[in-house]
Amino acid sequence: MAEHNSLDALIQALRRLPGVGVKSATRMAFHLLQHDRPGAQALARALQEATESVQHCELCHTFTEAKVCSTCLDARRDSSKLCVVETPADQSAVERTGAYKGLYFVLMGKLSPLDGIGPKDIGLKKLFDRASDGTVQEVILATNFTAEGEATAHVITEGLKTRGLRLTRLARGVPVGSELEYVDLGTIAHAFVDRR
């Protein structure tokens, strides 16, 4: 069994990825070793380089290789608007819409008391300081519409409501191109409440 230690270690490492179980990790490991050793080496190098060079932006907390990310440095962005998202992936999704031209604050998580994640773990003090810098006028809460995302948005709202800022939440509603009879009831109910 000793001859499989490196292979087992690779499989276990691949299992750390979200949604990857034993079968998928095993299939990936065998593929890389059997069919794409150069790809495996490129993957190893890319992971090594990323873990050494990617850090958090000093202003918005997203991933960057510089002290301040290119979005925060972009003078064309509307610095009076600050969009709060849970992750860099959420920030990327908002950016791809092309509909938002303000700045961001990336929490790197959401409040989850059951998992031991509190306000300090997601940088709420840093967010409150950033939102109170005198430039920000509107804070757009774009946390996910999960129980934890809603709780996070509520705590942020409570923490900022006395600071003279406009606090808004992403609207929820019926997806474009959908038919009402197939939309879940919670979404329809929120669409009625948030109608305009």
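Side notes on the structure shown:
- For the range 103-108, Karplus couplings with θ = phi - 60° (6.51, -1.76, 1.60), whole Hz, Gly/Pro x: 9, 10, 9, 9, 6, 6
- From the coordinates shown, Cα extents along the principal axes in Å corresponds to which of (i) 64, 48, 34; (ii) 51, 37, 28; (iii) 43, 39, 31: (i)
- Couplings 3J(HN,Hα) of the range 160-172, computed from phi: 10, 5, 9, 9, x, 9, 7, 10, 10, 10, 3, 6, 10 Hz, in residue order, whole Hz [Karplus 6.51 cos²θ - 1.76 cosθ + 1.60, θ = phi - 60°; x for Gly and Pro].
- Surface per residue (accessible, 1.4 Å probe) for the chain, Å²: 66
- On the chain, 56 percent of the accessible area sits on carbon and sulfur atoms, based on a 1.4 Å probe.
- Net charge contributed by nearby residues that have their C-beta within less than 14 Å of residue 166 (K/R +1, D/E -1): +2
- Between 0 and 90°, nearest 10: helix 37-53 axis offset from the chain longest Cα axis: 40
- Under 20 Å from residue 110, Cα to Cα: lysines that are on another chain or at least 8 residues apart: 120, 125, 126, 161
- For the chain, the longest principal axis of the Cα atoms and the long axis of helix 88-97 meet at an angle of about 60 degrees.
- Share of alpha-carbon pairs per 10 Å distance bin for the range 1-106, given as whole %: 13, 31, 23, 21, 10, 2, 0
- DSSP-loop GluC sites (Glu not before Pro) across the range 51-133, with at most 14 other Cβ within 10 angstrom: 58, 65
The values are calculated or read from the model by the stated rules, or taken from the named source; none is laboratory data. Quick caveat: nothing in here was measured; it's all calculated off a predicted structure. Ideal geometry is used to build each Cβ from the backbone, glycine not excepted, and the neighbour counts take in all protein chains shown. Only protein heavy atoms, including side chains, enter the accessible area calculation; ligands, DNA and RNA are left aside. Shrake-Rupley method; radii C 1.70, N 1.55, O 1.52, S 1.80 Å.
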